[in-house]
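The values are calculated or read from the model by the stated rules, or taken from the named source; none is laboratory data. These numbers were taken from a predicted model, which means no experiment stands behind them. With ideal geometry, Cβ positions are generated from the backbone for all residues, glycine too; neighbour counts draw on all protein chains shown. Ligands, DNA and RNA are excluded from the accessible area calculation, which covers all protein heavy atoms including side chains. Shrake-Rupley method; radii C 1.70, N 1.55, O 1.52, S 1.80 Å.
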Amino acid sequence: MAIRLTLPDGTVREYPDGTTGRDVASEIGPRLARAAVAVKVDDDWIDLDRPLPHGGAFTVVTDGTDDGRSVLRHSAAHVLAQAVLDLYPGAKFAIGPAITDGFYYDFDIGRPFTPEDLERIEARMHELIEEDQPFVREEMSIDDALEVFADQPFKVEIIRGVDEGEGVGSTAVSVYRNNGFVDLCRGPHVPSTGRIPAVKLLRTSGAYWRGDEHNPQLQRIYGTAWESKKALRAYLHRLEEAERRDHRRLGKELDLYSFPSELGAGLAVWHPKGGILRRTIEDYSRRTHAAHGYDSVVSPHVAKADLWETSGHVDFYAEGMYPAMELDHGQRYFVKPMNCPFHILIYRSRARSYRELPMRLFELGTVYRYERSGVLHGLLRARGFTQDDSHIFTTEERLGDELQTLLDFVLMVLRDFGFETFEADLSTRPDKYVGDLGLWDKAEASLRAALETAGLPYEVAEGEGAFYGPKIDIHVRDAIGRRWQISTIQVDFAQPENFGLVYTTSGNDRQRPVMIHRALFGSIERFVGILVEHYAGALPGWLSPVQATVVPVADRHDAYARSVGERLREAGIRAEVDVADETVGEKIRRAITHKHPAVLVVGDNDVEAGTVGLRLRGEDKERRGVTIDQALAELEDVTAPPR
């Protein structure tokens with residue numbers, strides 16, 4: 001029986017039953033076949049040497065693509081499991097997926113892994129790769145699979161979940177074998193272990209089985225795999241650079257913020273310099289929102305449970321909320337995980353007309369979410385944070401125009417902070433959702449149209465929307481190529497229904513508004529963390545907490561240095577004067593280490609001539625004899641905020 005395939009160039013061809021992906025790839029071109037690690041037919045991933053089960057749109061997955069690296073890394077995870085089970089008799093293994101830039105596998109060997117263990121395991125992996133063992137796919141019944149994995153409790157739990165309908169199909173599972181090792185897996189894999197040219201184990205950590213702290217804690221080994229040793233070296237260099245840029249370390253070095261253990265996990269305090277940075281960003285946000293038609297509002301930090309029940313948070317978001325407080329004779333209150341219900345109440349405080357729409361409400365609102373301790377990461381994943389949160393109420397007819405305006409606004413703001421490369425995800429309806437299905441479809445179509453009109457590249461994240469609406473997530477690339485999700489635009493037909501929101505139309509009818517949730521920075525905390533890492537602490541002049549340091553050469557120059565500092569501050573430059581009892585070299589090094597945009601050195605000649613020695617960030621040498629007026633002009637240029 002023939003199968004019909006639509007090839008990448010659009011041609012349609014028929015192939016005999018039993019044709020493999022490798023056969024088709026070889027026909028397209030030998031070079032393509034050599035780079036292939038798997039194929040896709042429609043949305044089905046298929047091993048390169050497996051007979052194609054059906055026809056459809058045919059795609060060759062090559063090793064130098066994101067999809068190809070995912071296959072490569074998943075295969076490397078299997079080799080990792082094989083190595084651990086070889087070296088540690090009685091080891092139990094759980095799951096081992098590919099992740100961004102790498103893979104992991106969870107094990108139970110009765111103790112944590114040591115650095116020496118990782119060296120030993122990686123050496124064994126290289127031996128298995130050198131043996132070029134083929135990956136062989138096999139399907140077996142649930143009963144047979146339970147017998148094969150009888151001594152592996154985590155695999156047994158997965159198999160029983162498939163039998164109960166949690167997985168795809170309920171009568172059989174697929175496994176992969178190589179040289180006697182067998183693992184439960186849907187695949188695909190590279191044809192053999194020898195197709196994994198570059199692999200490196202990175203670190204270990206504890207991990208609860210299935211992410212549930214009530215389950216056993218396992219030991220997770222993280223690794224990475226690439227299509228070449230050159231690509232691996234480049235990635236390891238990026239890791240070193242990422243470590244150098246870690247916002248937690250830089251935050252301490254630059255005296256911006258800290259995470260005292262007395263506060264509890266996921267909470268930060270902002271030091272004076274961090275407070276200046278934060279205020280600068282918040283002032284920019286207030287100023288920019290006011291200039292684009294937003295009205296500032298303020299809401300409390302707690303509210304009665306009734307509010308969160310009406311909004312649906314108690315039903316759909318309870319695991320992310322802190323427990324209720326019993327107040328007012330048994331009345332329950334929650335600290336807010338989101339600002340949206342408060343803005344809804346402001347809209348509902350009186351009758352609204354179509355003439356008032358779109359209504360754009362803006363708040364720098366602090367929220368509190370119970371994130372699991374295992375996912376907390378400095379400012380990037382916290383339990384208390386402030387969002388530059390906006391909620392827009394508009395008519396269904398104006399939704400498309402409003403979304404287009406929003407996208408333009410988002411990109412303008414991110415460019416002001418130095419980002420230029422943007423990507424987007426369109427997240428669609430999840431399994432748990434509220435609202436009418438038809439309204440969800442309308443919301444998704446409006447978001448898609450806005451993205452396409454903006455010409456923004458995007459991927460569809462099926463089922464990843466929030467429970468109350470689909471959304472667009474805007475991603476940026478930082479200075480070392482990492483992808484960060486920052487801004488979110490979310491259409492919501494559900495909350496206006498939940499709260500009975502209406503407006504009066506031009507025909508004097510009552511209509512539901514459409515609600516848009518929107519945060520440009522995501523949160524101030526996370527955005528600061530991203531900025532610190534993007535700039536490696538050397539923030540643009542307008543954001544730098546200290547924009548200029550004045551350094552006197554000797555004590556006799558202190559008074560003049562202070563007068564220069566005062567002149568700078570009068571001109572709006574954030575300046576400090578370093579009169580510490582240290583050498584001038586030590587003071588200059590400290591200013592440079594703290595990433596100050598400018599250092600002004602003053603000595604005898606400067607006192608007499610009314611000049612300074614000036615060195616701006618990035619300059620190798622100090623320029624002597626610069627007049628204060630000239631220094632001010634250069635500093636005002638360096639520290640000027642956007643627009």
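Take the conditions (1) touching a strand residue (DSSP E or B) at 6+ places or on another chain (Cβ under 9 Å); (2) at positive phi; (3) among the small types (Gly, Ala, Ser); residue 591 misses just one of them, which is (2).
Please work out if residue 345 is open to solvent by 30 Å² or more (accessible area, probe 1.4 Å), aliphatic (A, V, I, L, M) and assigned to a strand (DSSP E or B). It is false that residue 345 is open to solvent by 30 Å² or more (accessible area, probe 1.4 Å), aliphatic (A, V, I, L, M) and assigned to a strand (DSSP E or B). Looking across the stretch 170-202 at every residue that is more than 16 Å from residue 93 (Cα to Cα) and of a type in the set (A, V, I, L, M, F, W, C), the one that is modelled with the lowest pLDDT is identified as 172.
Could you tell me whether any residue of the stretch 105-114 is at pLDDT 95 or above, polar (S, T, N, Q) and either over 26 Å from residue 180 (Cβ atoms) or assigned to a loop (DSSP other than H, G, I, E, B) (or both)? Yes, some residue in the stretch 105-114 is at pLDDT 95 or above, polar (S, T, N, Q) and either over 26 Å from residue 180 (Cβ atoms) or assigned to a loop (DSSP other than H, G, I, E, B) (or both). For the stretch 523-552, the set of residues classified as touching a Ser or Thr at 6+ places or on another chain (Cβ under 7 Å) and of a type in the set (Gly, Ala, Ser) consists of 523, 541, listed by residue number. Only one of the listed residues (570, 566, 464) is within 25 Å of residue 367 (Cα to Cα) and surrounded by fewer than 16 Cβ atoms within 10 Å (Cβ to Cβ). That residue is 464. When residues in the stretch 227-248 are screened for being among the acidic types (Asp, Glu), assigned to a loop (DSSP other than H, G, I, E, B) and within 19 Å of the chain's Cα centre (by Cα), 1 of them pass. Count of the stretch 96-142 residues, restricted to those that are open to solvent by 50 Å² or more (accessible area, probe 1.4 Å), within 11 Å of residue 220 (Cα to Cα) and touching a Leu at 6+ places or on another chain (Cβ under 9 Å), is 1.
Matching residues to (1) exposed (fewer than 13 other Cβ atoms within 10 Å of the Cβ); (2) farther than 17 Å from residue 563 by Cα:
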residue: 593; (1), (2): yes, yes
residue: 615; (1), (2): no, yes
residue: 622; (1), (2): no, yes
residue: 629; (1), (2): yes, no
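Looking across the stretch 1-25, the residues that are in a loop (DSSP other than H, G, I, E, B) and under 36 Å from the mean Cα position of the chain (by Cα) come down to 7, 8, 9, 10.
Under the condition of being crowded, with 20+ Cβ neighbours inside 10 Å and touching a residue at least 60 places away in the same chain (Cβ under 8 Å), the residues counted in the stretch 468-491 number 8.
For residue 361, indicate whether it is touching a helix residue (DSSP H, G or I) at 6+ places or on another chain (Cβ under 8 Å) and modelled with pLDDT of 95 or more.
Details: touching a helix residue (DSSP H, G or I) at 6+ places or on another chain (Cβ under 8 Å): yes; modelled with pLDDT of 95 or more: yes.
The answer is yes for residue 361.
Cβ-Cβ distances below 6 Å connect the following pairs, each with a first residue in the stretch 516-542 that is part of a helix (DSSP H, G or I), a second residue that is among the β-branched types (Val, Ile, Thr), and a separation of six or more residues or different chains: 524/386. Scanning the stretch 382-413 for residues that are farther than 18 Å from residue 284 by Cβ, in contact with a Phe, Trp or Tyr (Cβ under 7 Å, 6 or more places away or on another chain) and open to solvent by 10 Å² or more (accessible area, probe 1.4 Å) yields 383, 384, 395. Any idea which residue in the stretch 146-169 is modelled with the highest pLDDT, counting only those that are more than 20 Å from residue 108 (Cβ to Cβ) and either in a helix (DSSP H, G or I) or touching a helix residue (DSSP H, G or I) at 6+ places or on another chain (Cβ under 9 Å) (or both)? My answer is 147.
Residues are listed down the side, and each one gets a yes or a no for (1) buried (at least 18 other Cβ atoms within 10 Å of the Cβ); (2) in a loop (DSSP other than H, G, I, E, B):
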position: 210; (1), (2): no, no
position: 250; (1), (2): yes, no
position: 264; (1), (2): no, yes
position: 275; (1), (2): no, no
position: 278; (1), (2): yes, no
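Looking only at the stretch 302-325, residues that are open to solvent by 40 Å² or more (accessible area, probe 1.4 Å) and either farther than 29 Å from residue 429 by Cα or part of a strand (DSSP E or B) (or both) come to 3 in all.
How many of the residues in the stretch 26-64 are farther than 23 Å from residue 197 by Cβ, open to solvent by 40 Å² or more (accessible area, probe 1.4 Å) and either within 37 Å of the chain's Cα centre (by Cα) or of a type in the set (A, V, I, L, M, F, W, C) (or both)? Give the steps one after another, and end with the answer.
Residues of the stretch 26-64 farther than 23 Å from residue 197 by Cβ: 27, 41-44, 51-58.
From the residues that got through so far, the ones that are open to solvent by 40 Å² or more (accessible area, probe 1.4 Å) too are 27, 42-44, 51, 53-54, 57.
Within this subset, residues satisfying the condition of being either within 37 Å of the chain's Cα centre (by Cα) or of a type in the set (A, V, I, L, M, F, W, C) (or both) are 42-44, 53-54, 57.
Result for the stretch 26-64: 6.
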